[in-house]
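Trainee: The following block contains the structure, expressed as structure tokens.
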Amino acid sequence: MKKISAGKLRAIGYDAPTRVLRVEFDDGSAIDYANVGRELWQRFSTSGSAWSVYRDNIEEEFAGTRGRAQVASKRAALDALFGGTEPAEVKKNPLDDLFGKPDGQ
């Protein structure tokens with residue numbers, strides 16, 4: 001995953017063998033897009049206007065599967081540590097293994 005700060009985007013990642021693009025947002029949500037070509041990924045990941053590329057070329061052209069970014073599980077752990085609610089059982093998304101955590105966390 002590559003951390004970015006563009007519009008509502010927080011991180012983006014691409015798995016070339018499966019052609020799946022993951023987009024994570026600042027609210028902790030994530031969307032996985034299937035059948036995204038490597039050329040689009042390269043343009044998206046190197047663009048100076050990633051939010052525009054996302055809105056114009058990905059969001060409108062591909063159907064995505066919604067999920068949650070890793071933020072949800074980290075938030076639950078912090079709540080438990082600092083007297084919040086007990087961490088709820090977090091179901092593992094099978095695509096998480098493909099993308100890992102941002103910055104190798």
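The values are calculated or read from the model by the stated rules, or taken from the named source; none is laboratory data. Treat the numbers as computed from the prediction; the structure is a model and nothing was measured. Note that each Cβ is placed from the backbone with ideal geometry, even for glycine, and that neighbours are counted across all protein chains shown.
Trainee: Among (1) farther than 19 Å from Leu98 by Cα; (2) not in a strand (DSSP E or B), which single condition is Ser5 missing?
Mentor: For Ser5, the failing item is (2).
Trainee: Would a scan of region 63-86 turn up a residue that is closer than 19 Å to Ile4 by Cα, among the acidic types (Asp, Glu) and either at pLDDT below 95 or surrounded by 10 or more Cβ atoms within 10 Å (Cβ to Cβ) (or both)?
Mentor: Taking every residue of region 63-86 in turn, none turns out to be closer than 19 Å to Ile4 by Cα, among the acidic types (Asp, Glu) and either at pLDDT below 95 or surrounded by 10 or more Cβ atoms within 10 Å (Cβ to Cβ) (or both).
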